[in-house]
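Written below as structure tokens is the structure these notes are about.
All of the numbers you see were taken from the coordinates with simple rules; none came from a lab. Keep in mind that what you see is a predicted model, and the values were worked out from it rather than measured. Don't worry about glycine lacking a Cβ; one is built from the backbone with ideal geometry, like all the others, and counts go over all protein chains shown.
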Amino acid sequence: NGNRDNSRGALIVLEGLDRSGKTSQSTRLLSYLEQQGFSVESWRFPDRSTCVGEMISSYLANKSQLDDRTIHLLFSANRWEKRSLMEMKLRSGTTLLVDRYSYSGVAFSSAKGLDVEWCKKAAERGGYGGERYEQLEFQRKVAQHYKMLCDATWKIIDASLPMEDVEKQLREFVMDCIATCQIGKPLSQLWL
Ligand code: Z5A
């Protein structure tokens, strides 16, 4: 839109536990929105392609050890690395589908409490991988902490539903969000 008005792209963040289907849904949503003619990109965090991302990747693969606060700050730095590009894209009208963002940063770093049943369902999907956080007990704690972070900007979808049902609900939420941003909802910052 050349920034002639307040119209902008939407920032769509997909959050959830390991194996909840974020990558699958992100891929489907990207092609749907492209088919509809929207300017849209798919991003993910951690972005393992940067120097900071390489350190994170090595830590997640258990190839290096880092203090908890250090890895938290690296995840945060990895998002700051992309901040200006993100703002530029949104202001120029491109919608961003982002697989994990700051909510993961908080939920994984300060996970407490349990959500046993949901974690059991996700664990049936071909198993967690071999990375550091991909343990059922830890995922339970993360689920609990996500619940504490939930605010009015969140739309919750039951990821244990069939993929097509999740996709349908997600599309509805996203189309609403894109429409709101096109009308001119101003960009704001998280947790001010
Ligand atoms: N982390 C952090 O600590 N701090 C931070 O600030 C950030 C991240 C940003 C790496 O993430 C770790 O970094 C992550 C959080 C932490 N640790 N964990 N756990 P990652 O991006 O590399 O890994 P991930 O987010 O966990 O992605 P994933 O394993 O690829 O899962 P997914 O994308 O959510 O799921 P999927 O690949 O789309 O689907 C998994 C399987 O389920 C697959 O076989 C699908 O076909 C199947 N599936 C998907 N949906 C369904 C439904 N609805 N029904 C049945 N089967 C389904």
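Assorted remarks:
- Approximating the spin labels as points 7 Å out from Cα along Cα→Cβ, the S109-to-L136 distance works out to 2.9 nm.
- In this Cβ point-charge picture (+1 for Lys and Arg, -1 for Asp and Glu), region 1-56 has a dipole of about 100 debye about its Cα centre.
- Annotation: peptides 36-42, 91-97, 64-70, ranked by per-residue average of other Cβ atoms within 10 Å with the highest first, follow the order 91-97, 36-42, 64-70.
- For region 92-102, backbone phi angles converted through the Karplus equation (6.51, -1.76, 1.60; θ = phi - 60°) give residue-by-residue couplings of 8, x, 8, 7, 10, 9, 10, 7, 6, 8, 4 Hz, Gly and Pro being listed as x.
- Between L66 and S31, the FRET efficiency estimated from the beta carbon spacing at R0 = 41 angstrom works out to 0.65.
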